[in-house]
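FYI, it's all coordinate maths here, none of it is from the lab. Because the structure is a prediction, the values reported are computed rather than measured. Quick reminder, even Gly has a Cβ in these numbers, built from the backbone with ideal geometry, and neighbours come from all protein chains shown.
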Amino acid sequence: MSRLPRSLSILLSVAIILLGAYPLFGDVLFPNKHAFLMQKLTGIMIMAVMAMSLDLLVGVAGLVSMGHAAFFGLGGYMLAMLSPEYSAANLWVVLPAALVVVAIASAMVGYLSIRTSGIYFIMVTLAFGQMGFYFFNDSKLAGGSDGAYIMVKPAVEILGVSLLNLGDKRTLYYVGLGALVGVYLLLRVVLASPFGRVVSAIGVNENRVRGLGFDPVAYKLLAFTIGGTIAGLAGFLAAIQYGFVNPATLSWHHSGEALVMVILGGMGTLFGPAIGAFVFELAKMGFESVTEHWLLPMGAMIIGIVLLLPKGVGGLLLQLFSGRSKMEGGQ
Amino acid sequence: MTTFIAGTGLHTYYGSSHTLHGIDFAVRRGETVALMGRNGMGKSTLLKSLLGIVNPRQGKVTMNGADVTGADTHAIIRRGIAYVPEGRGMFHNLTVREHLVMSARPGNDGRRDWTYERILETFPRLAERLGSLGTHLSGGEQQMLAVGRALMTNPDLLILDEATEGLAPLIRREIWHVIRSIKETGIASIIVDKNVNVLLGLADRHVILVKGEVVYDGSDLTPESEILKRHIGV
């Protein structure tokens, strides 16, 4: 992945600073809707984490997964199942435990699906995702189709001293922002490493990579596991925010929404899918407030963006700021 | 010199099309072999059969005496081969620097003769284009990058399939100069190229393929050799 043009980096940094400042001045701009918007933005930032994790698979490694939400949902379910009913779970225990379980699940699903490609890979991941959905929907493990509540937010303490109150909406907003920035930087580092370059090359031509002496299966499996685990982190954060998980979080509809965010934002750009999450969720919110048939204008908007910006919003920004597209992989 | 790679009795098919007819082909350590023949005679198929890109239906491929028939391509390559395919094989989402860095690894005996710095010294043009995407380079620069990327793996055997095809004469001369200097370092190579005169002066041994069979394997070819005129058209 090429280095971002300096002016685009500055623009993205300003956007992050504005997001960081929103809780401080939001009630002046939107006095009646401030709390709602802050919650909405928290949810969007968490979805942006999910979209970036999917971009690692779809936009970088060329693995179009339709089961990515399974890992998102599993992350949330792990929090629900590991949390005591009427007291706070210890975040330092439940978060690593949830991520380890999601990583193992991702590695297992990846191991069984990576050897397929194209439409078969889509079908296999879709099937695994739906297996996860029906597992939680039809079993009594965590409330079945009704889902499960997380009554008390996890405690973030060291030696009995509370560091963060995740029940506070503003705190949770900054946790979401931290996750967004942290995951973006982490994935940039991963993609700048020799491992990341090989994964990027696999997305272009797997056979050519094999001819250079790399085993594409091993690299794709590791990328799949990293992507799945980050999606699990997003699901874990979403479960903290909403205090509730249900099987719909694992369903293919949710995977499809994440895929739309990646496509709208620009595959393979990493920052683009994060923007795609904002475009998708804010447009959805806007259309919902205007008409109950909001899916119609939403569909028209998606078609319009795909037709007019085949490389997504991220591709457009790269073109504007670098004078030419440096994102030829994002087809 | 010990044999580095050998194919014995190779029969390779594309579907029902029988392409290689029981070929025996070997390269010794440090040896430069020119693989010659008209288009469609099986040169690239022989290379692909040795590398496991196409699996021969009959015959055996060995490396340093170990049977690697049917092994995965990446596993065969890891045993010390660098393959520069026809068409150069650039990745359009990687820069020149990224192409070189991703391939870097020591040789099988721990050798690190070819470093990033040495590649840039060998191909100064690449040093000027480090931030450019691989596919934004000229044909000659792409070929230099393909060879540089191959050398970054510190191979025992370098395979060059049509390395100078479609290049301007000046660039071609530059590429041949580099190939000669690679030979002097003791790396074995298999070279497929249409420039017979250069191959005659460069290679230690020449192998001519006709319709999937070896019709000549030796080192006494001259530009006047009858067999060249008959099978290569020189």
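Order these by the 10 Å Cβ neighbour count, fewest first: A:Phe244, A:Phe71.
In increasing order of surrounding Cβ atoms, one gets A:Phe244, A:Phe71.
What residue among A:Gly43, B:Leu199, A:Ile119 has its Cα farthest toward the positive end of the dipole of the protein assembly as shown, where the charges are +1 on Lys, Arg and -1 on Asp, Glu, each on the Cβ?
B:Leu199
Springs between alpha-carbon pairs under 10 angstrom, Gaussian network model over chain A: which of A:Leu308, A:Leu233, A:Leu316 fluctuates most?
Looking only at A:Leu308, A:Leu233, A:Leu316, the biggest GNM fluctuation is shown by A:Leu308.
What are the semi-axes of the equivalent ellipsoid for chain A, taken as the square roots of 5 times the Cα gyration tensor eigenvalues, largest first, in whole Å?
Values: eigenvalues 172, 130, 79 Å².
They are 29, 25, 20 Å, listed from largest to smallest.
Taking just the alpha-carbon atoms of the protein assembly as shown, what radius of gyration and Dmax come out, in angstrom?
Just the Cα atoms of the protein assembly as shown yield Rg and Dmax of 28.3, 94 Å.
Could you tell me the largest-minus-smallest coordinate of the C-alpha atoms of region A:116-157 on each of the three principal axes, in descending order and whole angstroms?
Principal extents (Cα only, largest first): 44, 28, 11 Å.
Between B:Arg38 and B:Tyr14, what length comes free when the chain is fully extended (0.36 nm per residue of separation minus the Cα-Cα distance, one decimal in nm)?
Contour length minus Cα-Cα distance gives 6.8 nm.
Compare the Cα positions of A:Val262, A:Leu308, A:Phe287 along the charge dipole of chain A (+1 at Cβ of Lys, Arg; -1 at Cβ of Asp, Glu; about the Cα centre) and return the one farthest towards the positive end.
A:Leu308
Need one number: convex hull volume per residue for region B:104-234, Cα atoms only, in Å³.
In region B:104-234, the Cα convex hull volume per residue is 129 Å³.
Can you tell me the alpha carbon radius of gyration of chain B divided by the globular rule-of-thumb value 2.2 N^0.38 Å?
That works out to 0.99 for chain B.
If one computes the Cα centroid of region A:103-152 and of region A:262-284, what distance in Å separates the two points?
24 Å
Once every DSSP H run of n ≥ 4 in chain B is given -39500 (n - 2.57) and the sum is divided by its residues, what mean residue ellipticity at 222 nm do you get, rounded to the nearest 500 deg cm²/dmol?
Mean residue ellipticity at 222 nm (helix-derived): -9000 deg cm²/dmol.
With both bridge residues required to lie in the protein assembly as shown, what share of the DSSP beta bridges run antiparallel, to the nearest 5%?
The answer is about 60 percent antiparallel.
How would you rank B:Val214, A:Val262, going from fewest to most other Cβ atoms within 10 Å of each one's own Cβ?
B:Val214, A:Val262
Please get the size of the charge dipole for region B:3-229, origin at its Cα centre, with Cβ charges of +1 on Lys and Arg and -1 on Asp and Glu, quoted in debye to the nearest 20.
340 debye
Can you pull a Stokes-Einstein diffusion coefficient for region A:162-255 at 25 °C (0.890 mPa s), Rh from Kirkwood over Cα pairs, as a whole number of µm²/s?
Details: Rh = 15.7 Å.
In µm²/s, the coefficient rounds to 156.
Given region A:98-201, report the % of alpha carbon pairs whose separation exceeds 16 Å.
Details: 4140 of 5356 pairs.
Looking at region A:98-201, the distances longer than 16 Å represent 77 percent of pairs.
Taking the Cβ-Cβ separation of A:Val306 and A:Met108 as r and a Förster radius of 25 Å, what is the calculated FRET efficiency to the nearest 0.05?
The value I calculate is 0.15.
So how strong a dipole does the protein assembly as shown carry about its Cα centre when Lys and Arg Cβ are +1 and Asp and Glu Cβ are -1, to the nearest 20 debye?
Value, rounded to 20: 640 debye.
Picking from B:Asn108, B:Ile5, B:His21, whose Cα lies most toward the positive end of the charge dipole for region B:3-229 (charges on Cβ: Lys, Arg +1; Asp, Glu -1)?
Ranked along the dipole, the leading option is B:Asn108.
Mind telling me which of A:Met81, A:Met52, A:Met285 comes out most flexible in a GNM of chain A, alpha-carbon contacts under 10 Å?
Ranking A:Met81, A:Met52, A:Met285 by mean-square fluctuation puts A:Met285 first.
Just need the relative contact order of chain A here, percent rounded to a whole number, with Cα pairs under 8 Å and 6+ apart.
On the way: 542 pairs, mean separation 102.1, N = 331.
After rounding, I find 31 percent.
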